[in-house]
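Student: I am attaching a structure below and will ask some questions about it afterwards.
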């Protein structure tokens, strides 16, 4: 029995919730997974898991063993990376996560350039709007939008994005411009929602927050759908700046109520702390951070500078991009 392979198999089964999930994750036959777990239990002389009809449950001995196995496997992986020269030159694989739309539009193009610059590094870019646990999922770098909770993770701020209320020139000509957030009640709006309703739009009035309830004429569960409806003149939409910027630059959408939007949301590159940071990770952060910062600054300028109606927008604070 290869104990390391048995450990990996057990951990994969626990992470996936079943022996079948481990077989898929490791790309090995299900009988092999079952045999490795059984051999490990026989070697230890202790039952590690309880197999139910729905999932695997760890016994008390199994819980303690899996904690130790994860530590051993992490240390082995670290030793293998050091031996392979990962700390002498950027090489190896990086697992990177980002929100779906933002990652597709702004992260993926930068990753393409990074791969051209570092031929010995490969990248797995996973786009998901769920918050993925970096340590548990072995993620090297995550792009996070919004305020970060206190944690042991290392974060590098690369800019901000903000919410933009906008409408097409055709809609504005037909229905006029809402002078205040409360005036949205008299306008057709487009809601970004699916099975659940999200019809509260936040604004600010001086230092006070204000929630405005909209009455959507049209609702859809994708950002592209919201943009399409707004460009078609269906109503007023609320979009993130990176979602609206191309339509604003093209003149098919016009920003509204630009001085009344909620505070901008920070964008960070986040990774786990390392005693010795792999060069592939350092190279990725140093390559991506300034390029993503430039993109976010350009988005902010374009959204603020094109076709806004009825108000002025201050230029972004340089400290916001530190």
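Read-outs throughout are calculated quantities, based only on the coordinates presented, and are distinct from any laboratory measurement. Just so it is clear, the model here is predicted, and its values are computed rather than measured. As a convention, Cβ positions derive from the backbone with ideal geometry for all residues, glycine included, and neighbour counts pool all protein chains shown.
Student: Given a Förster radius of 25 Å and the C-beta distance between residue 126 and residue 173 as r, what FRET efficiency does 1/(1 + (r/R0)^6) yield to the nearest 0.05?
Tutor: After rounding, the FRET efficiency stands at 0.05.
Student: Simple spin-label model, 7 Å along Cα-to-Cβ: residue 222 to residue 150 in nm?
Tutor: Between residue 222 and residue 150, the simple spin-label model gives 4.2 nm.
Student: Still on this structure, I have one more. Rounded to the nearest 5, what % of DSSP beta bridges with both residues in the chain are antiparallel?
Tutor: The antiparallel fraction comes to roughly 65 percent.
Student: Still on this structure, I have one more. Pairs of Cα atoms under 8 Å, at least six residues apart: use those to get the relative contact order of the chain, whole percent.
Tutor: Worked out over the chain, it gives 20 percent.
Student: Let's test this: bin the Cα-Cα distances of region 1-145 at 5 Å from zero up to the farthest pair and state each bin's percent.
Tutor: Result, from short to long distances: 2, 9, 15, 17, 16, 14, 13, 8, 5, 2, 0 percent.
Student: Right, here's the next one. Just subtract the alpha-carbon distance of residue 46 and residue 133 from 0.36 nm times their residue separation and send over the number in nm, one decimal.
Tutor: Gain in length upon complete extension: 28.3 nm.
Student: Which percent, to the nearest 5, of DSSP beta bridges fully inside region 163-263 are antiparallel?
Tutor: 70
Student: What percent does the relative contact order of region 163-263 come to when contacts are Cα pairs within less than 8 Å and at least six residues apart?
Tutor: Once divided by the residue count of region 163-263, the mean separation gives 44 percent.
Student: Moving on. Just grab the label-to-label distance for residue 4 and residue 213, each label 7 Å out from Cα along the Cβ direction, in nm (one decimal).
Tutor: Each label point lies 7 Å from its Cα, and together they span 6.2 nm.
Student: Sticking with this structure for a sec: Between helix 60-83 and the chain, what is the angle of the helix's C-alpha long axis to the longest principal axis, kept within 0 to 90° and rounded to the nearest 10?
Tutor: Once rounded, one gets 80 degrees.
Student: Could I ask something else about it? Relative to a virtual label point 7 Å from the Cα of residue 193 in the Cα→beta-carbon direction, which members of region 213-239 show backbone nitrogen distances below 20 Å?
Tutor: 213-231, 234-239
Student: Any idea what angle helix 3-16 forms with the longest principal axis of the chain, computed on alpha-carbon atoms, 0 to 90 degrees, nearest 10?
Tutor: Helix 3-16 sits roughly 40 degrees off the main axis of the chain.
Student: Quick check: the angle from helix 30-44's long axis to the longest principal axis of the chain, C-alpha only, nearest 10 degrees?
Tutor: It is inclined by approximately 60 degrees.
Student: OK, next. Can you show me the helix-derived [θ] at 222 nm for the chain, built from DSSP H runs with n ≥ 4 at -39,500 (n - 2.57) apiece and divided by the number of residues, rounded to the nearest 500.
Tutor: -12500 deg cm²/dmol
Student: Specify the residue with the greatest mean-square fluctuation among 25, 272, 108, computed from a Gaussian network of the chain linking alpha-carbon atoms under 10 Å apart.
Tutor: 25
Student: A further question follows. Highest mean first, what order results for 137-143, 169-175 on Cβ atoms within 10 Å?
Tutor: 137-143, 169-175
Student: Using just the alpha carbons, could you tell me how many Å³ per residue the convex hull of region 151-238 encloses?
Tutor: 153
Student: In nm, give the distance between the simple-model label positions of residue 274 and residue 71, each being 7 Å from the Cα along the Cα-to-Cβ direction.
Tutor: Placing both labels 7 Å along Cα→Cβ, they lie 2.2 nm apart.
Student: Exposure proxy check: 1, 7, 265 ranked by fewest other beta carbons within 10 Å?
Tutor: In increasing order of surrounding Cβ atoms, one gets 1, 265, 7.
Student: With a cut-off of 8 Å between alpha carbons and a minimum separation of six or more residues, what is the relative contact order of region 195-244 in percent?
Tutor: For region 195-244, the relative contact order is 24 percent.
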